[in-house]
Amino acid sequence: MRKLTLRALAILPISNAIAADDVERPTIIYVQNTDEKSAITAQCDPPAADGMHCHFTQMTVAKPDETRAEERIAKGAADMLKAPASEFKDCDKFAAFAEAVETGEAPPDVADKKQFEDNWAKEAPQAKADTIKLMRAFASFCKTRDPASAEAVARAGDELEGSTCNISNWSFDKTFTQNYSTKRWQSTIQTGDSCGRIEYSEFSKPDDPKADFFWNYTTKSIVTNTNGKNIVGEACSSTDQTEHRYTWQTGKFYTNCRYVQLTP
């Protein structure tokens, strides 16, 4: 009888074997990577025959690297000085536009002047000041086309971009299988691209006794064809292969944003 029972258990579908509650698995996840200013929420379904399906939502706050501001400004100024004169043929119109905006009036070419003036009046004082500063710098460059005015435009533009945080939010699904030896849930996706890229992710238990019901999340790309090029012609070796670690210990992070840009 015992042998018959063991045989019966051996041929049970794997979904029945691993769906039991005694398998430690993630259910609802909230993890954060403060260095990358990114957070992930995930909800995992009970394991099935083909693995455990998890539904992710990732939120990221992106902001230009402040340490590279001077590098960006120098490049921006150089690019402006290289631009053909044909791109500055409407300088007179732009100067009139900038002057009108500074006084709070609608520029001459605006069709609905009242709507423009109403919208401009609602802008925050700092936002108005930033916009006027950039427009003044560009109007000056239009007249002189010299290095100093080009740098002024690039610097005003970078200050505006550097104080803007782009918040993106997207959803995706992944399927995980349990590694019984490490007690981790792992996902391996072969993308099939020219770089032979493999997307690897895992859920692992924290080494903290206080984190009984929490999980950490790690993800990274692995490039198997480092000598190849991707679809846009970049070397596969330049692909980000760093390990991105998201921990159950969440909190606030500093971003220093004056503006927020929501990105789908």
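Just so you know, all these numbers are worked out from the coordinates, no wet-lab data involved. From a predicted model like this one, the values you see are computed outputs, not experimental measurements. Positions of Cβ are generated from backbone atoms using ideal geometry, with glycine treated the same way; all protein chains shown enter the neighbour counts.
Once you order the gyration tensor axes a ≥ b ≥ c over the Cα atoms, which shape class does the stretch 66-166 get: rounded for a/c under 1.5, otherwise prolate or oblate by comparing a/b with b/c? Cα axes put the stretch 66-166 in the oblate bin.
For the chain, the orientation-averaged shadow of the C-alpha convex hull comes to 22.0 nm² (one quarter of the hull surface). Annotation note: chymotrypsin sites (Phe, Trp or Tyr not before Pro) in the stretch 96-180 located in DSSP loop regions with a Cβ neighbour count of at most 11 within 10 Å are TYR180. Straight Cα distances below 19 angstrom link LYS122 to the lysines LYS113, LYS114, LYS133, with same-chain residues fewer than 8 positions distant left out.
For the stretch 64-146, the list of trypsin sites (Lys or Arg not before Pro) that fall in a loop by DSSP and count at most 16 other C-beta atoms within 10 angstrom reads LYS89, ARG145. What's the local net charge at ILE231, with K and R +1, D and E -1, over the other residues with C-beta under 14 Å away? Charge balance near ILE231 sits at 0.
For the chain, find the longest principal axis of its Cα atoms and tell me its angle to the long axis of helix 91-103, 0 to 90°, nearest 10. Roughly 80 degrees, rounded to the nearest 10.
Of all lysines in the structure, the ones whose alpha carbon falls short of 28 Å from that of LYS210, not counting any fewer than 8 places away in one chain, are LYS37, LYS174, LYS183, LYS220, LYS252.
A straight Cα-to-Cα reach below 19 Å connects LYS128 with the aspartates and glutamates GLU99, GLU102, GLU105, GLU117, ASP118, ASP158, GLU159, GLU161, residues fewer than 8 places away in its own chain not being considered. The alpha carbon gyration tensor of the stretch 159-229 gives principal lengths a ≥ b ≥ c with a/c of 1.5 or higher and a/b no greater than b/c, which makes the shape oblate.
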